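Here is the structure we will look at.
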Amino acid sequence: MKKGIIVYGIMLFLYSACAPGTVSENKPPQGTNNIGFEFIYVSVNGNDTNSGVVTNSPLRSLPAAIAKALASGSTNILVTGGIYSSGSGLNSSTNGISIYNSARLKIAGGYDTNFSLQTGMTILDGADTLFHVIEIENSSNIVLRGLIIVRGKADGDPDHTMGGGIYIYNSFGIDISNCIVSNNSAKFDGGGIYLYGSSGTKINGLVSVNTANNGGGIYLCYCGNYTIGGMIYSNLAGGDGGGIYVFGGNDIFVQGIVSGNLATNFGGGVCINGGSDHSISGHISNNTSLNSGGGVHFNGGNDFSITGIVTGNNTDYAGGGVYIGSGSGHSISGSINGNSANTMGGGVLLTMGSYFSLNGTITGNNAAYGGGVYLGAGSNHTISGIISRNEASVFGGGIYLIDTGTEHTFSATISSNSIYGVYTNSSSNPVLTGVTWGAGVEINSPANVGP
């Protein structure tokens with residue numbers, strides 16, 4: 001998490017997401033449409049006494065631009081590059097920008113002084129004095145583009161302890177793309193972005209170096225149909241979910257890169273607590289938890305799935321790559337490789353639950369017990385795919401199985417794991433009570449099953 005690496009990552013993202021000279025998505029006409037002025041213009045050299053509706057008479061502050069847009073029926077606010085801070089382009093206290101009860105509004109930053117090209121990005125700086133740099137409530141179809149949102153600090157009364165960078169409540173169709181949300185903090189949840197009771201939202205930018213108790217980068221509570229792309233990098237949670245924390249809700253799709261995040265409790269990269277049909281198809285790498293779930297921590301809920309890559313994550317206790325605490329119908333069909341846990345389940349740990357399906361590639365993971373997979377209590381699990389070249393320092397290089405007398409089905413290729421390919425605490429050897437062995441189980445040499 002060195003500063004130089006972070007700066008380089010931001011520069012690389014800026015180059016790919018908003019290259020200089022890119023023609024604006026919105027060509028700024030001078031005039032009106034049938035609902036009023038289509039464009040409102042904001043500049044660091046503007047003045048709030050200007051009209052704001054022509055390029056040579058821009059406003060100075062975003063709050064003034066939002067008020068004018070709502071009053072005139074405008075749907076686009078174009079902002080020149082530069083720094084807009086507390087009391088200088090933003091509100092002086094509480095929220096830098098407030099968008100309430102609004103629909104169809106787009107704020108796009110990084111324009112040149114003529115508003116003809118997006119040549120960079122616009123910085124919205126909370127200066128550690130604003131609780132939220134941006135707050136959106138009871139609104140729909142709000143689009144943010146080309147903004148760098150920094151130094152919001154949600155440490156106020158109970159209404160202002162979440163979402164230091166962006167706070168979103170009860171809203172629909174929010175689109176945050178080609179933006180950077182960085183160096184924000186929250187006393188409780190969602191250092192970078194906090195979302196409650198919202199749906200149909202897309203986040204596709206860089207969320208980095210934010211801190212909170214839960215959800216250092218992003219916190220979603222009772223949300224649905226969310227897509228998270230881009231990069232969630234180097235965020236910190238004092239509790240759970242270093243990169244992303246999901247509480248309840250449904251259909252949260254993690255499609256981007258979640259890397260280099262830290263949680264002192266559960267879920268270094270992603271922590272999901274309840275809900276249904278959440279999916280991870282992205283790249284979860286090099287995250288750390290000091291308790292369980294270095295890469296991903298699932299607990300409760302139904303039908304979670306991992307189809308992406310989980311690699312290089314670690315935890316001090318259990319589930320270096322993935323920790324599944326309970327629930328039903330969860331599945332892994334992606335690649336779980338190169339993860340580690342100091343105690344149990346280097347690749348995957350499943351403690352409870354039912355009808356779990358493992359049909360991915362589990363390779364190169366390590367732990368004391370269950371280098372590849374640790375199966376605790378639970379029932380009706382199906383283990384297939386490839387489980388290979390995992391290591392255990394005590395027992396169960398490939399799989400460590402707690403025999404609870406329930407039925408599981410194995411039809412995996414289990415090969416080249418250390419300290420037994422499959423180790424069970426069953427008193428019989430090699431018959432595993434309550435376990436149905438399917439076809440295609442490869443026996444390691446010299447021993448695949450123990451004790």
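Worth a mention:
- Selection within the range 202-222 - farther than 16 Å from Thr264 by Cβ and surrounded by 24 or more Cβ atoms within 10 Å (Cβ to Cβ): Ile203, Gly205, Leu206, Val207, Ser208, Val209, Ile218, Leu220
- Subset of the range 260-270 [buried (at least 24 other Cβ atoms within 10 Å of the Cβ) and polar (S, T, N, Q)]: Asn261
- Test for Ala412: is it farther than 16 Å from Gly345 by Cα and crowded, with 24+ Cβ neighbours inside 10 Å: yes
- Cross-chain or 6+ apart pairs with Cβ under 7 Å, the range 247-258 first and in contact (Cβ under 8 Å) with a residue 24 or more places away in the chain and among the charged types (D, E, K, R), then surrounded by fewer than 20 Cβ atoms within 10 Å (Cβ to Cβ) and not in a strand (DSSP E or B): Asp251/Asp277
- Sole residue being surrounded by fewer than 22 Cβ atoms within 10 Å (Cβ to Cβ) and hydrophobic (A, V, I, L, M, F, W, C), chosen from Ile123, Ile174: Ile123
- Evaluating Ser331 against the criteria (1) at pLDDT below 90; (2) surrounded by fewer than 24 Cβ atoms within 10 Å (Cβ to Cβ) leaves one unmet condition, (1).
- The set of residues from the range 77-96 being hydrophobic (A, V, I, L, M, F, W, C) and out of contact with any Phe, Trp or Tyr (no Cβ under 9 Å at 6 or more places or on another chain) comprises just one member, Ile83.
- Scanning the range 223-255 for residues that are among the β-branched types (Val, Ile, Thr) and surrounded by fewer than 20 Cβ atoms within 10 Å (Cβ to Cβ) yields one hit, Thr227.
- Qualifying residue in the range 157-180 (condition: at pLDDT below 95 and either of a type in the set (Ser, Thr, Tyr) or over 29 Å from Asn250 (Cα atoms) (or both)): yes
The values are calculated or read from the model by the stated rules, or taken from the named source; none is laboratory data. This one's a predicted model, so the numbers in the text were calculated from it and none came from an experiment. Cβ sites come from the backbone with ideal geometry, for glycine too, and all protein chains shown count toward neighbours.
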